[in-house]
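Just so you know, all these numbers are worked out from the coordinates, no wet-lab data involved. Computed from a predicted model, the values in this text were never measured in an experiment. Positions of Cβ are generated from backbone atoms using ideal geometry, with glycine treated the same way; all protein chains shown enter the neighbour counts.
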Amino acid sequence: MTTPDSMALGNDARDMALTDSASNRRNVLDLDDFSAEEIFSVLDDTGAMVEVLGRDIKKVPTLRGRVVVTMFYESSTRTRISFEEAGKVLSADVINMSSSGSSVDKGESLLNTGLTLQAMGVDVVVVRHPHAGAPYLLARHLPKVSVINAGDGLHAHPTQALLDMYTMREKLGSLSGARVVIVGDVLHSRVARSNLWGLTKVGAQVILSGPTTLMPLDLLGGRGELEEDHPFAQVDVDTDLDRAIQGADVVMALRLQSERQHSGFLPSLREYIRRWQVTEERLGKANPGALVMHPGPMNEGVEISTSLAHGDSSVIEAQVTNGVAVRMALLYRLCAGQGNRIGDDP
Amino acid sequence: MINRTYNRPVLIKGARIVDPGRGIDVVGDTLTQEGRIVSAGPTLTPSNVPDGTHTIPANGLVVAPGFIDLHAHLREPGYEYKETIATGTQAAARGGFTSLCCMPNTDPAIDNEAMVELVKRRVDSDAVVRVFPIGAVTKGRKGRELSEMEELAAAGVVAYSDDGDPVYDPNIMRLALTYTLDLGMPVINHCQENGLCCGGVMAEGWIATRLGLPGIPAAAEEAMVSRDLALAEMTGGWLHLAHLSTAGSVDLVRQARQRGVSVTCEVCPQHLYLTDEWALGYQGDLRCTAGSRNYDTSTKVYPPLRSRSDVEALIAGLAEGVIDCIATDHAPHEVASKEVTYEEASFGISVLETALGSLLSLVHGGRISMSTLVDRLTVGPARVLGPSFEKYATLEAGSPADLVLFDPNLEWTVDTSQFASKGRNTPLQGVPLKGRVVATMVDGRLVHQDFGV
């Protein structure tokens, strides 16, 4: 994918204080194949993108001539618009496809839709899908396209985890040793899964709290055949939120979908709120200056109290702002990489 | 089904003869003539061999009774794009299987005499190995009313099963086990408590957690195994448990056996060789980095591939004899049904052509003896099918010449493009195996030979 633009990209890189990492990365599927160094490199680039977003004229020519398609098979506001804005600020041509009103309505398979986009010369496909692994299917079959996972089933949401880590680092100064408490429906959370990979790699301490019924059984009890050096083996689970939150630097509430009550995971929302709602009182047990985070969309008054969601500790809006910058950094990384984009990844 | 014009006599010279039904494991000669075994054991002098005999030099090879598969999906009628009786039995011949029992989850289901006749007619014209149909337990496999089980018996089915689905209703299962008391054939159940599966697509555990895929807990199988064992104990009916996959199921069967419950059971090659780690897409090697190979849909199978400790318990149960036999659950699928997301993909693995190669790893690894392996592929399944099938599971003089000749040490790499089966869906694609079928004979006629190796 070396193009006549590469000089321009280089100039942009200097202009925007981007890291000088010659990335071979083709896809962003999850954070499990990111090293700590690469995560830090992305976060550094994100800082440069935040600077661009703060300019009077939010437009740089970096990705001029690149085509980015967002394929959303699940509803989304912030993630889709965030990717669209990220692409447009970098001057990419961004095309939005949703499953309704497209050939998906006619029963076209995900794979055939992907092949069609590849044949049209699309450079990057951003995909959200209700099934875990859908971006992997595309990545496996589309050698000429970069795939970014914008959320797949219960599996992963790597750009969310990166924006969460950027926000934490920005506010705390360092991720290493930070005590991060993730609260709520871990079982059904792709955000939690990607954060587990990312945070453990950069040396943060992760504590999961929430109802036992909404926790993967293998994290609750014995770790099965998990190897000791596996990142998930370093995660602590404490269902007593009042205890887990002590000394926390970050408290991240996860979205609780109301259907969890109807399918029997919870006796009632009332009991959930009593035991696991992130409140000002509970936050009082955390470290002074602890951050309150939420990947959105929030159910205020359920997993998080309204006053806390909009209070001084909340960095929820900063997460959204940083989300655009993180996605700019990733689009830059995939399109500007000098590595081999043709063929399978290692 | 089988061409009745017999080839000339065949002498398999110098092979290791493994015939567990007779307790024989010796190097010697095997002679077949006019579709029957003449002799299998002692070395024959030329005077004992008829003129015109075709001799196969077989030093270093193993000859055994042809394998009997209690559990195969031949897909015909209704799903001929996945497999046919012709392609499925050709795959069987390549895998050393001389008899297959075909499951009735066709479209329409094999739940009445006319459907059995249709299958038998297709078998007569297309099959290269013996095929014995299994009849549905309930009409249309819907789980509500018993099929006409006696009529099915008269038409020639060898067992009953709604496989693909369990018999969900415990009272229907009770009645099936009771109604078959005087029919002399087992009810085969696919044990899966759906209320515990919750849309699961792979074994519950940390691999499923990592991949974000809904898990199927071991208890989903064990809960129904427990139920069925209690029903078999109460009714005295003959229960055969299909494709056990968990350590807990092996324990339940062991305990029931000790109480005298009439239960038999099977395990599949895939559950003795593969674990859930293979869903990560790099042949179970966890040292590899993650990448786009994750979510290998060819590992999606029911019951799901489970943990290493389950595999160990199944191997122990097989060695001990708690598990009577190995059945393939050969479940071929067309490419399109696997080139989708893991959650959308069809359940099933194409097994017939890799079964022996993967199973021999247990022998090479010293986990079970060659004789035990052959027993579980021949004597074991014949016992489930009844006394009239014993003749297919022995090399005794006078028995039908159904046999397999294999090289236990031949190393080869699985290449699904060479499969006879239409189903190319196996996680073993590209995987090296040790041990391969050289020839398969049904009724004295070579139905597969691969001497070029």
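A compact table of results
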| item | result |
| --- | --- |
| Degrees separating the helix B:355-364 axis from the principal Cα axis of chain B, which is the longest one | 80 degrees |
| Global size of the stretch A:158-318 as Cα Rg and Dmax, reported in angstrom | 14.6, 43 |
| Sequence-distant residues sharing a close amide H with residue B:264 (under 5 Å, placed H) | B:239, B:240, B:241 |
| Most to least packed among A:93-101, B:199-207, A:275-283 [average Cβ atoms within 10 Å] | B:199-207, A:275-283, A:93-101 |
| Environment charge at residue B:407 (Cβ cut-off 14 Å; Lys +1, Arg +1, Asp -1, Glu -1) | +2 |
| Computed P(r) (all Cα pairs; the stretch B:14-134; 10 Å bins; percent) | 13, 34, 24, 20, 9, 1 |
| Over 25 Å [Cα-Cα, the stretch B:66-390], rounded percent | 47 percent |
| When each of B:82/B:300; B:82/B:338; A:171/A:201; A:88/A:171 is checked by Cα-Cα distance, pairs over 22 Å | A:88/A:171 |
| Residue mean of other protein chain beta carbons inside 10 Å, B:335-346 | 5 |
| Degrees, to the nearest 10: A:190-201 long Cα axis against longest axis of chain A | 90 degrees |
| Percent RCO, i.e. relative contact order, over chain B, from Cα pairs under 8 Å lying at least 6 residues apart | 20 percent |
| Exercise: per-residue mean of other protein chain Cβ atoms within 10 Å, A:155-164 | 1 |
| Distance between the stretch A:116-172 and the stretch B:100-119 - C-alpha centres, whole angstrom | 46 Å |
| Sites residue B:139 and residue B:80 - FRET efficiency at Förster radius 30 Å, r taken between beta-carbons, to 0.05 | 0.80 |
| Other protein chain Cβ atoms within 10 Å, averaged over every residue that makes up A:128-141 | 6 |
| Listed peptides B:294-301, B:147-154 by packing density, highest first (mean Cβ within 10 Å) | B:294-301, B:147-154 |
| Net charge of Cβ neighbours under 12 Å - reference residue A:311; Lys, Arg +1; Asp, Glu -1 | -4 |
| Chain A: calculated mean residue ellipticity at 222 nm from DSSP helix runs of at least 4, using -39500 (n - 2.57) | -11000 deg cm²/dmol |
| Size of chain A as Cα extents on the principal axes (Å, biggest first) | 58, 45, 40 |
| Between 0 and 90°, nearest 10: helix A:316-336 axis offset from chain A longest Cα axis | 30 degrees |
